[in-house]
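Below you'll find the structure, written out as structure tokens, and then a few comments.
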Amino acid sequence: MPSDRSSPPWDLPEPPGRNLGRILALEVELTAVIAEQKISLGSLLEVQPGSVLDFDKPVEALLDLRIHERSIAAGAAVLSGDRFGLRITQIRDLEARIRSLGPPGG
């Protein structure tokens, strides 16, 4: 017997291109990583204004561009007007970039 209730709008089929457009319009957070290292909690608690943290990465080394803690590209730091920028010099293939949008471990 047919139901008198109408289907919710999210159950209605959409033209194929429309779903892709919605997905491509989603925003993701990019992170440019200068350097990383592990330090003891005690050392971290000693950090104060004026402290200098040294990293084992040369100044001219490429920065890592990440989505969800996953590397998708690398590039050089540049000045873009009066802002920081990243000139991409290496980028992972499209499939790897898409996988980086998924859940951790995926």
Per the filter on the stretch 77-95, residues polar (S, T, N, Q) and over 17 Å from the mean Cα position of the chain (by Cα) are Ser80
message = Criterion first (hydroxyl-bearing (Ser, Thr, Tyr) and either in contact with a strand residue (DSSP E or B) (Cβ under 9 Å, 6 or more places away or on another chain) or surrounded by 10 or more Cβ atoms within 10 Å (Cβ to Cβ) (or both)) does Ser51 satisfy it?
response = no
Flagged pairs (Cβ under 7 angstrom, 6 or more apart or on separate chains; first in the stretch 49-61, free of Cβ contacts under 8 Å to residues at least 40 places away in the same chain; second hydrophobic (A, V, I, L, M, F, W, C)) are Phe55/Ala35; Lys57/Ala35
Given the conditions (1) in a strand (DSSP E or B); (2) of a type outside the set (A, V, I, L, M, F, W, C); (3) exposed (fewer than 13 other Cβ atoms within 10 Å of the Cβ), every one holds for Glu95 apart from (1)
### Task
Tell me, yes or no, whether the stretch 70-83 has at least one residue that is farther than 16 Å from Ala35 by Cα, of a type in the set (Gly, Ala, Ser) and surrounded by 12 or more Cβ atoms within 10 Å (Cβ to Cβ).
no
Scanning for something farther than 30 Å from Leu101 by Cα and either exposed (fewer than 10 other Cβ atoms within 10 Å of the Cβ) or among the hydrophobic types (A, V, I, L, M, F, W, C) (or both), does the stretch 29-40 turn up at least one residue?
-> yes
Leu101 passes all but one of the listed conditions (1) in contact (Cβ under 8 Å) with a residue 40 or more places away in the chain; (2) part of a strand (DSSP E or B); the exception is number (2)
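Any read-out appearing in this document is the output of simple, stated calculations on the displayed coordinates, not a laboratory observation. Computed from a predicted structure; not experimentally measured. Note that each Cβ is placed from the backbone with ideal geometry, even for glycine, and that neighbours are counted across all protein chains shown.
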